[in-house]
Amino acid sequence: MAGTLYLVPTPIGNLGDISSRMAETLAAVDFIAAEDTRVTLKLLNHLGLKKPMLSYYRHNTGESGAAVLSRLLAGEDCALVTDAGTPAISDPGEDLVRECAQQGIPVVPIPGPCALVTALAASGLPTGRFTFEGFLPMNRKNRRAHLDALRGEGRTMLFYEAPHKLLATLRDLRDTFGPDRPIALCRELTKLHEEIRRTTLGEAADWYEANPPKGEFVLVVQGESAPQPEAPGLEQGLERVADLREEGLSLRDAARQAARELGLSRNTLYQAALKEPEQQS
Ligand code: SAM
């Protein structure tokens, strides 16, 4: 019988976020596939664990993925971990999970730290509908094209960004969505210098131009607001009063009903209707 692939998230900065299930899973599996075995060794030392590891990172997913799969098929259990956060989220893991699914190997996800969800929850921006865009392309032309495709996006947008590219990205975001668009810059989450800066794209670009960014960032950008339907006005109220009068209602009753239907002041509508020429004849 095949073994199980466990997806094990690791802290994004604060070792206090290690869960007992995560530690128990790392202790129980036969081996660990790690993005960087040196980073994971520190975690294992912290937990007092010793475990065979193999390296599974962006540039060896084919070869190393095949080794992991054959050990899973032989019945061994494996924990997949990355340097920080949830595997397969802007980190290696997607291919391995797909191949396990194709081969009928059980995949058990352990919930845990993930920078994007942590940032979204703290952003103060709408959380009901969002789109995660990961890292924008490095190449400026491709980055602008990616952002152009997001024009008119109504959902909250989340981006991962490295500090040395933050300013260029903020300028591109500002030029695409306008300087007044709200943004929450979530920096160094769960760490000593955690900071959540809720501002606008224009102000954020100005701020980081003067104050070079440090640390890890998640950018949470508000989606485009849907245009608000115009509230009904007096003119619409008067038209409705005229219709109701034609149906035989008295002026007072027509004003009362139209005001109720359209959310207008009954007295204002009645007084305005009184001044209408057809009411004076
Ligand atoms: N798989 C990880 C997860 O679940 O969040 C993401 C890995 S991705 C390679 C690294 C990016 O995540 C960083 O460049 C940054 O944008 C974001 N990130 C990771 N840790 C963070 C933290 N403590 N505070 C803010 N952003 C963080």
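Taking region 206-221, which residues are away from the ligand (no atom under 11 Å from the Cβ) and surrounded by fewer than 18 Cβ atoms within 10 Å (Cβ to Cβ)?
Across region 206-221, the qualifying residues are D206, W207, E209, A210, N211, P212, K214.
Yes/no per residue for (1) farther than 27 Å from K214 by Cα; (2) under 19 Å from the mean Cα position of the chain (by Cα); (3) of a type in the set (A, V, I, L, M); (4) open to solvent by less than 50 Å² (accessible area, probe 1.4 Å):
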residue: A101; (1), (2), (3), (4): yes, no, yes, no
residue: G128; (1), (2), (3), (4): yes, yes, no, no
residue: E133; (1), (2), (3), (4): no, yes, no, yes
residue: R140; (1), (2), (3), (4): no, no, no, no
residue: L158; (1), (2), (3), (4): no, yes, yes, yes
residue: A184; (1), (2), (3), (4): no, yes, yes, yes
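Please go through region 26-44 and pick out each residue that is open to solvent by less than 40 Å² (accessible area, probe 1.4 Å), of a type outside the set (D, E, K, R) and not in a strand (DSSP E or B).
Scanning region 26-44 gives L26, V29, T40, L43, L44.
Check off (1) within 16 Å of the ligand (Cβ to nearest atom); (2) open to solvent by 60 Å² or more (accessible area, probe 1.4 Å) for E235 and give me the number that stays unchecked.
(1)
Please verify whether G16 is exposed (fewer than 13 other Cβ atoms within 10 Å of the Cβ), closer than 30 Å to F217 by Cβ and either of a type outside the set (F, W, Y) or in contact (Cβ under 8 Å) with a residue 60 or more places away in the chain (or both), treating the condition exactly as stated.
Answer is yes for this residue.
Take the conditions in contact with a His (Cβ under 7 Å, 6 or more places away or on another chain) and in the same structural domain as E188 (by TED's automatic domain parsing) and apply them to L136. Does it pass?
yes
What is the residue count in region 2-25 for residues that are more than 28 Å from the chain's Cα centre (by Cα) and assigned to a helix (DSSP H, G or I)?
1
Exactly one condition in (1) touching a helix residue (DSSP H, G or I) at 6+ places or on another chain (Cβ under 6 Å); (2) within 16 Å of the ligand (Cβ to nearest atom); (3) open to solvent by less than 20 Å² (accessible area, probe 1.4 Å) is not met by I196; state its number.
Single failed check for I196: (3).
Enumerate the helices (runs of 4 or more DSSP H) found wholly within region 173-266, keeping only those where 3 or more residues are more than 24 Å from L125 (Cβ to Cβ).
In region 173-266, 234-246, 251-262 are the helices (runs of 4 or more DSSP H) which contain 3 or more residues that are more than 24 Å from L125 (Cβ to Cβ).
With E224, E203, E261 as the choices, which residue is open to solvent by 70 Å² or more (accessible area, probe 1.4 Å), away from the ligand (no atom under 16 Å from the Cβ) and touching a residue at least 60 places away in the same chain (Cβ under 8 Å)?
E224
Regarding L166, is this residue among the aliphatic types (A, V, I, L, M) and assigned to a helix (DSSP H, G or I)?
In short, yes.
Which members of region 145-193 meet the condition of being β-branched (V, I, T) and either away from the ligand (no atom under 16 Å from the Cβ) or in contact with a strand residue (DSSP E or B) (Cβ under 9 Å, 6 or more places away or on another chain) (or both)?
Across region 145-193, the qualifying residues are T156, T169, T176, I183.
The values are calculated or read from the model by the stated rules, or taken from the named source; none is laboratory data. Just so we're clear, the structure is a prediction, and the values are computed from it rather than from any experiment. We place every Cβ from the backbone using ideal geometry, glycine too, and count neighbours over all the protein chains shown. All accessible areas refer to the heavy atoms of the entire protein, side chains included, with ligands and DNA or RNA removed. Shrake-Rupley method; radii C 1.70, N 1.55, O 1.52, S 1.80 Å.
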